[in-house]
Amino acid sequence: MDYINDRRSIRKYKPQIIDKRLIDEILNAAILAPSAKNRQPWKFIVYSGTTKDEVLAVMEKGLIKTKEELKNMPNSEYMLSDAFNTLRIMREAPTIIMVLNTNGSSPFTDVDTFARITEICDSLSIGAAIENMLLKATELGIGTLWIANTCYAYNDLVSYIGTTAQLIGAVALGYADEAPTPRPRKSLDEIVEYR
Ligand SMILES: Cc1cc2nc3c(=O)[nH]c(=O)nc-3n(C[C@H](O)[C@H](O)[C@H](O)COP(=O)(O)O)c2cc1C
């Protein structure tokens, strides 16, 4: 409960690198998550140093392309400026872990209802694994940010990563250079019904 309470999304990081042993501990927590039919549909690719610079350069190229493609769509300016801000945070974090769904397909392809249900279950399983990562990192004194803004550079990123798996998102890891206060939560009164 302490780690659940203490975890925050961290958006400012110190440059200090994270020991591989600690990253492995975080990934070992990830793979203890439950998964639909125990499919364990996750794959993690860890980027740091120059490999991180390279993958984030690809993300930037993808975001620039998407910004141009979506420029006439309402809300796109907000969505893209948030994504560029996430990219800036990812550049500051010493480690970025790309998270893939090995059973998933590109979100730009149509899938039938049963494939969609399977994909929802696999996404939920991967979400559980990511939450384990965030909590384990909190225990180790490492800050994290769960990132979905990779979706705005989806095609460029998967082609650079060289995978046919589905890119779910990323987790940034690093020693926090800020101590945010808890973000607001809805109260149980608003969201729970006892029947
Ligand atoms: C699926 C998911 C995707 C997220 N994507 C981003 C992101 O791309 N960029 C970002 O800055 N924060 C991202 N967040 C972090 C949320 O904004 C954050 O969890 C929320 O505002 C609550 O703050 P807290 O994590 O400090 O409790 C994401 C969180 C989740 C669960």
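All of the numbers you see were taken from the coordinates with simple rules; none came from a lab. Predicted model, so just to flag it, every value in this text is computed and none were measured. Positions of Cβ are generated from backbone atoms using ideal geometry, with glycine treated the same way; all protein chains shown enter the neighbour counts.
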Q: With springs connecting C-alpha atoms under 10 Å apart, model the chain as a Gaussian network and identify which of Leu157, Leu167, Leu124 has the largest mean-square fluctuation.
A: Leu124
**Q.** Sequence-distant residues sharing a close amide H with Gly143 (under 5 Å, placed H)
**A.** Gly174, Tyr175, Ala176
Q: For segment 72-140 and segment 1-18, compute the distance between their C-alpha centroids and round to whole Å.
A: 18
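Residue separation times 0.36 nm, minus the C-alpha to C-alpha distance between Lys43 and Ile17: what's the value?
On the way: separation 26, 0.36 × 26 = 9.36 nm, distance 2.21 nm.
The span from Lys43 to Ile17 would gain 7.2 nm if fully extended.
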Q. Taking springs between alpha-carbon atoms closer than 10 angstrom, which of Tyr78, Tyr13, Tyr160 fluctuates most in the Gaussian network model of the chain?
A. Tyr78
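For segment 132-193, which GluC sites (Glu not before Pro) pass both filters: DSSP loop (anything but H, G, I, E, B) and at most 16 other C-beta atoms within 10 Å?
In loop regions of segment 132-193 (DSSP not H, G, I, E or B), the sparsely surrounded GluC sites (Glu not before Pro) are Glu178, Glu193.
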Q | Estimated inter-spin distance, Val111 and Leu32, nm [label 7 Å along Cα→Cβ] | A | 2.8
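Counting only helical runs of four or more DSSP H residues, what would the 222 nm mean residue ellipticity of the chain come to if each run contributes -39,500 (n - 2.57) and the total is spread over all its residues? Don't skip to the end; give the middle numbers.
On the way: 7 runs with 93 residues, N = 195.
Result for the chain: -15000 deg cm²/dmol, rounded to the nearest 500.
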(Q) Checking the table Lys12/Lys65; Lys43/Lys65; Lys20/Lys52; Lys43/Lys136; Lys12/Lys67 against a 21 Å threshold on Cα-Cα, which pairs fail? (A) Lys12/Lys65; Lys43/Lys65; Lys12/Lys67
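Got the relative contact order for segment 51-195 handy, in percent, Cα pairs under 8 Å and 6 or more residues apart? Can you show the working numbers first?
Details: 155 pairs, mean separation 50.8, N = 145.
With pairs under 8 Å counted, the relative contact order is 35 percent.
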(Q) Among Ser81, Leu22, Asn101, whose Cα projects farthest towards the positive end of the dipole of segment 10-179, with charges put on the beta-carbon of Lys, Arg (+1) and Asp, Glu (-1)? (A) Leu22
Q | Size of electric dipole in the chain: Cβ of Lys, Arg +1 and of Asp, Glu -1, about Cα centre, debye, nearest 20 | A | 160
Q. Loop-only check: which trypsin sites (Lys or Arg not before Pro) in segment 45-126 are DSSP coil with at most 12 other Cβ within 10 angstrom?
A. Lys71
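Looking at the square roots a ≥ b ≥ c of the eigenvalues of the Cα gyration tensor of the chain, which shape do they give, rounded for a/c under 1.5, prolate if a/b is larger than b/c, or oblate? Working shown, then result.
Details: a/c = 1.24, a/b = 1.06, b/c = 1.17.
It is rounded, given that a/c, with a ≥ b ≥ c, falls under 1.5.
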